[in-house]
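Notes to accompany the following structure.
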Amino acid sequence: GPSVNLASGDRVLVTGATGFIGSAVTRQLLTRQVEVVTLVEPGVDAANLDGLDVKQVVGDLRRPADVQQAVSGCRAVFHVAALYRFWARDPSAFYTINVEGTKNVIGASLDAGIERLVYTSTVGTLGLEHVTGSATAADERSFPDVRHLYGSYKRSKYVAEHEVLRAIAEGLPASIVLPTFPLGPGDRAPTPTGKLVLDFLNGRMPAYVDTVLNVAHVDDVADGQVRALEVGRNGRSYILGGENLTLQQLLGQLAAITGLPAPRVKVPRSLALAVAAVSETVEGRLLRHHPSVPLEAARMSTSQMAFDTTRARTELGYAPRPAAEALEASARWFAASGRVSERRLRRISWAGEGPEATTPHH
């Protein structure tokens, strides 16, 4: 498809703009002096939009009229919003939000005649069966064994991605982006990867499992999204990632950044899965509250999640920074935003700065 050269004053919609990746995409678009419209769920925490000159349209992704109102007059749409978690009391929520919500965005985009939709999928829809490390990393052509799409989040995103592909085949101008595991400022939830960093900072990670993660700075992921709009090919998918690290390497880098000790005990995969199965059965099914260790999270953490970003680098000019910079940005943001205990803050010694006594900002 033709390139979409954004000009000052162009109107662009971002769904999920209050979230981690969505707010980074919003900031990236504002550097291009475009008018950003955000679809904001009623009652949601919109702190990530504080200080940003955007138009907020309050509405529900599940209501077609709300989506049509937000898309009206827009030249392009970034559909970033999704229910991203590893457990929910009602699994059907993943499908009403991630699938029906995406179909509403597709319909509104076609009706409005937008020039391109950039749909945020996930690397969770790719196959990892052959991945044993960075040398055998998955790329955009790695199809999954659907039996291994564990959990309602991955399954619903797989279905939603195919709704986008169906619409592309029927004439929707769109590109698909697949973020890996972003880190950086604004991770308020936090995301599962951010929680890993936060647990390390708070001393809640006594051990680790043998796994590989692909870590990227959230601002690089956002830059890749805008590049997918401007120069991405119609119907093409792009992995937006960074550096492949074993969890042991990742924790070692965090230790070097913060001066905090890295865990030394490695937990066998079978034990991690057994603990998660008990947690989900007792806490999730019997007590009906969020399990401490969701089974989908354990399955993810024991998979070799290495990804190849060659296509995005070659076709989009995507150039992510080293993982260490993303890890440091994440750690510093958590430390400055009141999410790290004062006792642990006093133990942090930022690399190159000496002892740090950061006071939490509540």
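So residue 213 ticks every box in (1) aliphatic (A, V, I, L, M); (2) closer than 23 Å to residue 316 by Cα; (3) open to solvent by 30 Å² or more (accessible area, probe 1.4 Å); (4) under 20 Å from the mean Cα position of the chain (by Cα) but one. Which box is left unticked?
Looking at each condition in turn, residue 213 falls short on (3).
Mind listing just one residue for me: the one in region 144-155 that is outside any loop (DSSP other than H, G, I, E, B) and of a type outside the set (D, E, K, R) and, of those, surrounded by the most Cβ atoms within 10 Å (Cβ to Cβ)?
153
Restricting attention to region 256-268, report how many residues are loosely packed, with under 15 Cβ neighbours inside 10 Å and either in a helix (DSSP H, G or I) or of a type in the set (A, V, I, L, M, F, W, C) (or both).
Of the residues in region 256-268, 2 are loosely packed, with under 15 Cβ neighbours inside 10 Å and either in a helix (DSSP H, G or I) or of a type in the set (A, V, I, L, M, F, W, C) (or both).
If you scan region 111-143, which residues turn out to be modelled with pLDDT under 90 and open to solvent by less than 20 Å² (accessible area, probe 1.4 Å)?
Correct list: 131, 133.
Would you confirm, using the coordinates I've provided, whether residue 125 is touching a helix residue (DSSP H, G or I) at 6+ places or on another chain (Cβ under 6 Å), among the polar types (S, T, N, Q) and closer than 30 Å to residue 254 by Cβ?
yes
Quick check: is even one residue across region 50-71 farther than 24 Å from residue 167 by Cβ, surrounded by fewer than 24 Cβ atoms within 10 Å (Cβ to Cβ), in contact with a Pro (Cβ under 9 Å, 6 or more places away or on another chain) and β-branched (Val, Ile, Thr)?
Yes: region 50-71 contains one or more residues that are farther than 24 Å from residue 167 by Cβ, surrounded by fewer than 24 Cβ atoms within 10 Å (Cβ to Cβ), in contact with a Pro (Cβ under 9 Å, 6 or more places away or on another chain) and β-branched (Val, Ile, Thr).
Conditions first: (1) farther than 26 Å from residue 171 by Cα; (2) in contact with a helix residue (DSSP H, G or I) (Cβ under 8 Å, 6 or more places away or on another chain). Residue 55 passes all but one, so which condition is the exception?
So residue 55 meets the others, but not (2).
Based on what the data block shows, is residue 338 open to solvent by less than 30 Å² (accessible area, probe 1.4 Å) and at positive phi?
For residue 338, the condition - open to solvent by less than 30 Å² (accessible area, probe 1.4 Å) and at positive phi - is met.
How about region 7-106: which helices (runs of 4 or more DSSP H) wholly inside it have at least 1 residues that are at pLDDT 95 or above and in contact with a strand residue (DSSP E or B) (Cβ under 6 Å, 6 or more places away or on another chain)?
Ranges flagged: 20-30, 64-71.
From the residues in region 216-228 that are acidic (Asp, Glu) and within 14 Å of residue 317 (Cβ to Cβ), which one is surrounded by the most Cβ atoms within 10 Å (Cβ to Cβ)?
Here the answer is 220.
Read through the list (1) of a type outside the set (Ser, Thr, Tyr); (2) touching an Asp or Glu at 6+ places or on another chain (Cβ under 8 Å); (3) over 25 Å from residue 34 (Cβ atoms); (4) open to solvent by 40 Å² or more (accessible area, probe 1.4 Å), then give the number of the only condition that residue 188 fails.
Condition (3) is where residue 188 drops out.
For residues that are out of contact with any Leu (no Cβ under 9 Å at 6 or more places or on another chain), buried (at least 16 other Cβ atoms within 10 Å of the Cβ) and over 22 Å from residue 9 (Cβ atoms), tally how many sit in region 25-49.
The qualifying residues number 2.
The values are calculated or read from the model by the stated rules, or taken from the named source; none is laboratory data. Since the model is a prediction, treat every value here as computed from it, not as a measurement. Because the Cβ atoms are built from the backbone with ideal geometry, glycine has one as well, and the counts that use them run over all protein chains shown. Side chains are part of the model used for accessible areas, which takes the heavy atoms of the whole protein and leaves out ligands, DNA and RNA. Shrake-Rupley method; radii C 1.70, N 1.55, O 1.52, S 1.80 Å.
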